[in-house]
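Undergrad: Take a look at this one; I'll ask things after.
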Amino acid sequence: MSGKAAWKSTAVYAGLLAAALAVGFFGGSWFGAPLDRSAYDFMFSHYHPKPWAAESAILAIDEATLSDGGIGGIRRDLAQALPILAAASPKVVVIDIILADNGPDPKIDDALAKALCATPNLVLSADLVGGRWDMPLDKFQRCAAAVGQVHAAPDTTDSVTRAIPLEKHAGRTRLWALALEAFRLSRGAQIEESTAAGSGLEVGGAIVPVPSEGSGRLMRVRFRPLAMEPIPHVSLIDMVHDPSKARALTGKVVFVGVTAVTELHDRLTTPAALSIQTPGIVIHADAFETMAQGLYLTDVRDDLEFLFCLAAAIAMGLAFRYLPGWWAYSGGVAVLAATFVTPYLFFTHRIVFPFAGPVSVAWFSFLTAAAYYHLVVRRNWHIERESRARYQQAMQFVTHEMRTPLSAIQGSSELISSYPLTEDKRKQVAQLINSESKRLARMVEVFLNVERLSAGQMELKRESIEAKAMVELCVERVRPLAERKHIALHLEPILEDLQLSGDRELIEYACYNLLTNAVKYSPRETEVTVSGSGSDGYVRIAVKDQGIGMDQKEVRQIFQKFYRTKKAEESGEAGTGIGLSIVQQIVERHGGRIDVASQPGVGSCFTLVMPAPVAERS
């Protein structure tokens with residue numbers, strides 16, 4: 001392949017890979033969200049991080065608590081439990097119960113307010129409903145150190161909660177998430193919007209890495225795996241009946257909320273347990289643990305994702321460009337495997353790496369590179385291999401057909417040098433050497449022309465050829481060989497005006513080859529008949545022998561290079577199975593064909609069917 005062609009091929013290949021990169025990257029980004037979510041959930045449920053000791057605990061309003069007085073009894077039970085909890089000195093108390101309305105019993109509300117005010121570092125809950133805040137009643141709110149919003153952020157397509165918004169706005173009021181307020185109070189710090197280390201929030205010198213705009217500062221929650229020891233739970237009603245159970249909550253950030261299975265309205269699905277509904281209070285506690293332990297799951301930057309996709313496309317392209325055969329596919333599969341494994345490896349380091357984009361790029365690049373490899377690279381390779389094969393065959397063609405004239409030249413030269421000859425005999429031998437050397441030169445020229453024709457490097461010469469004169473010439477050239485075997489050559493009458501159009505030397509060679517084959521593979525004292533005719537715009541030259549013949553299976557294979565029938569090999573005649581292949585190339589290049597009729601033990605008839613000149617057709 002020339003330098004210009006190679007450069008063009010490389011440019012096309014690079015352009016196709018660039019298109020695959022663009023389609024895979026942008027297509028994966030736009031339409032791959034479900035795949036990214038599924039991959040995220042799979043990694044979440046299968047990766048088990050190193051266990052950590054929980055800083056939080058849950059005071060559960062469970063089935064036993066609800067059975068004591070139902071939903072209406074929660075305020076009464078809470079008023080009884082909070083003094084016991086406060087005596088245990090928890091670090092922070094978070095109540096995930098909306099206290100925006102007066103209860104049915106004012107005395108219970110007053111008792112609850114008194115208990116709330118006696119609880120240090122208290123965080124109460126607010127809910128955003130219909131664009132407005134449902135805030136705790138003033139008598140409850142004045143007891144709280146903070147009010148936090150309780151919203152999670154389940155995905156709208158599959159309702160799985162993977163993150164929570166750390167802030168929510170309604171009018172001029174902004175509330176931080178319940179878990180974030182609990183984290184702030186546990187650190188005795190304020191929440192500040194940080195400019196350090198990129199966008200995020202700063203709490204007591206610790207950065208909470210969340211986006212600053214457009215998403216409510218969504219924070220991915222590092223949910224506690226099911227295989228890990230759960231956050232400590234204490235039943236609220238059990239603690240009321242046995243205050244000693246409160247010791248398990250000492251020094252903890254205590255989240256108070258409903259865990260009862262019957263309260264389905266406050267249960268959500270998380271990637272840690274897709275088949276189990278998780279209580280909202282547990283999600284808040286896991287969000288707090290994410291901040292307390294610094295187990296943030298951060299998304300990789302878009303530019304790094306693109307660079308990885310670019311590297312994958314380049315690696316795929318290089319694999320199919322420079323690795324041979326199955327090694328190219330092995331390299332491509334390795335790149336594919338890397339795009340599948342990379343998101344998991346990043347996840348183990350708490351970095352969320354997209355799955356759909358890189359995998360799409362890898363697959364599109366793989367298909368593009370593999371298709372190009374088959375359709376272009378392998379095609380070019382086959383062309384080069386065929387070119388080398390043609391060169392070798394051309395040499396074999398030449399050596400095959402050069403034997404007869406070389407033998408004649410060799411024998412004549414030995415005769416001159418070894419025996420005293422008369423002047424007439426010497427001239428006769430010299431003329432033989434001269435004619436055979438010219439014949440040899442013409443033969444070489446014929447073979448080179450056939451090779452150039454096969455490679456598409458030469459146009460056929462077009463000249464008018466008298467069929468009768470050409471056939472008679474070929475018959476006379478073959479006659480000495482026929483006489484040695486006592487084979488009669490019978491030339492049937494051929495019309496004087498029967499014309500062929502094409503390359504004289506090539507067509508003459510084709511006719512001569514059929515005649516020599518007929519004589520070589522015919523028994524002694526048989527007959528070879530040559531005839532010529534024209535009809536329907538075609539000229540037919542037929543060579544019929546009484547030789548060994550062939551069955552139909554052999555007839556279908558005789559034009560294959562180097563093929564010889566079994567009887568031809570047993571005949572003792574020298575041959576390489578090349579001549580008929582050359583004849584077929586010559587005839588087909590002239591727009592003709594070869595018809596073969598043969599029967600074992602009876603003989604064969606080879607007919608050259610060549611288009612007649614246009615004038616004759618008309």
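FYI, it's all coordinate maths here, none of it is from the lab. On a predicted model such as this, the values are computed, not experimentally measured, just so you know. Virtual Cβ from ideal backbone geometry, glycine too; neighbours counted across all protein chains shown.
Undergrad: For 291, 316, what ranking results if the residue with the fewest other Cβ atoms within 10 Å of its Cβ goes first?
TA: Values: 291 26, 316 30.
With the sparsest Cβ surroundings first, the list reads 291, 316.
Undergrad: As an exercise, use a Förster radius of 22 Å and the Cβ-Cβ distance of residue 593 and residue 462 to find the FRET efficiency, rounded to the nearest 0.05.
TA: Values: r = 19 Å, r/R0 = 0.85.
It comes out at approximately 0.75.
Undergrad: For residue 351 paired with residue 375, estimate the spin-label separation in nm (one decimal), with each label point 7 Å from Cα along the Cα-to-Cβ line.
TA: Modelled inter-label distance: 3.7 nm.
Undergrad: Here's something else I'd like to know. What list do you get for 497, 155 if you sort them by fewest beta carbons within 10 Å?
TA: Working: 497 10, 155 14.
Result, fewest neighbours first: 497, 155.
Undergrad: Would you calculate, for the chain, the mean residue ellipticity at 222 nm contributed by helices, counting each DSSP H stretch of 4 or more residues as -39,500 (n - 2.57) and dividing by all residues, to the nearest 500?
TA: Working: 20 runs with 304 residues, N = 618.
Helices in the chain give a 222 nm mean residue ellipticity of -16000 deg cm²/dmol.
Undergrad: Here's a follow-up. Rank by packing, highest mean first: peptides 166-173, 46-53, 604-611, 275-282, with packing defined as the count of other Cβ atoms within 10 Å averaged across residues. Kindly include the intermediate steps, with their values, before the conclusion.
TA: Numbers: 166-173: 15.5, 46-53: 10.4, 604-611: 20.5, 275-282: 18.2.
Answer by packing, highest mean first, reads 604-611, 275-282, 166-173, 46-53.
Undergrad: Taking 0.36 nm per residue of sequence separation and subtracting the Cα-Cα distance, how much length would be gained by fully extending the chain between residue 262 and residue 30, in nm to one decimal? Walk me through the intermediate numbers first.
TA: Numbers: separation 232, 0.36 × 232 = 83.52 nm, distance 3.91 nm.
So the extension gain works out to 79.6 nm.
Undergrad: Straight-line reach from residue 553: which lysines have a Cα under 23 Å away, not including same-chain ones fewer than 8 places off?
TA: Straight-line reach from residue 553, under 23 Å: 520, 544, 561, 566, 567.
Undergrad: Which of 84, 487, 314 comes first, and how do the rest follow, when ranked by fewest Cβ neighbours within 10 Å? If you can, show how the numbers build up before the last one.
TA: Numbers: 84 19, 487 23, 314 15.
In increasing order of surrounding Cβ atoms, one gets 314, 84, 487.
Undergrad: Hey, can you list the DSSP H helices of the chain whose Cα span along the axis is 27 Å or longer and whose average Kyte-Doolittle score is at least 0.0?
TA: Values: long enough: 3-31 (41 Å, 0.94); 302-322 (30 Å, 1.18); 325-348 (35 Å, 1.07); 378-418 (57 Å, -0.93); 423-454 (46 Å, -0.59).
The qualifying helices are 3-31, 302-322, 325-348.
Undergrad: Give me the number: length gained by fully extending residue 42 to residue 89, i.e. 0.36 nm times residue separation minus the C-alpha to C-alpha distance, one decimal in nm.
TA: On the way: separation 47, 0.36 × 47 = 16.92 nm, distance 3.96 nm.
13.0 nm is the gain from fully extending residue 42 to residue 89.
Undergrad: Rounded to the nearest 0.05, what FRET efficiency do residue 416 and residue 525 give with R0 = 25 Å and r taken as the Cβ-Cβ distance? Could you check? Don't skip to the end; give the middle numbers.
TA: Numbers: r = 34 Å, r/R0 = 1.38.
Computed FRET efficiency for residue 416 and residue 525: 0.15.
Undergrad: How high is the FRET efficiency from residue 314 to residue 129, r the C-beta distance, R0 60 Å, rounded to 0.05?
TA: Efficiency, from the Cβ-Cβ distance: 0.70.
Undergrad: Also, I was wondering about something else. Quick one: net charge around residue 431, please, counting Lys, Arg +1 and Asp, Glu -1 for every other residue with C-beta under 13 Å from its C-beta. Show your work: numbers first, answer last.
TA: On the way: positive: 425, 426, 427, 438, 439; negative: 423, 424, 436.
Around residue 431, the surrounding residues sum to +2.
Undergrad: Could you calculate the contour length gain from residue 226 to residue 406, that is, 0.36 nm times the residue separation minus the distance between their Cα atoms, to one decimal place in nm? Each step should come with its number before you reach the end.
TA: Values: separation 180, 0.36 × 180 = 64.80 nm, distance 9.10 nm.
That pair, residue 226 and residue 406, stretches by 55.7 nm at full extension.
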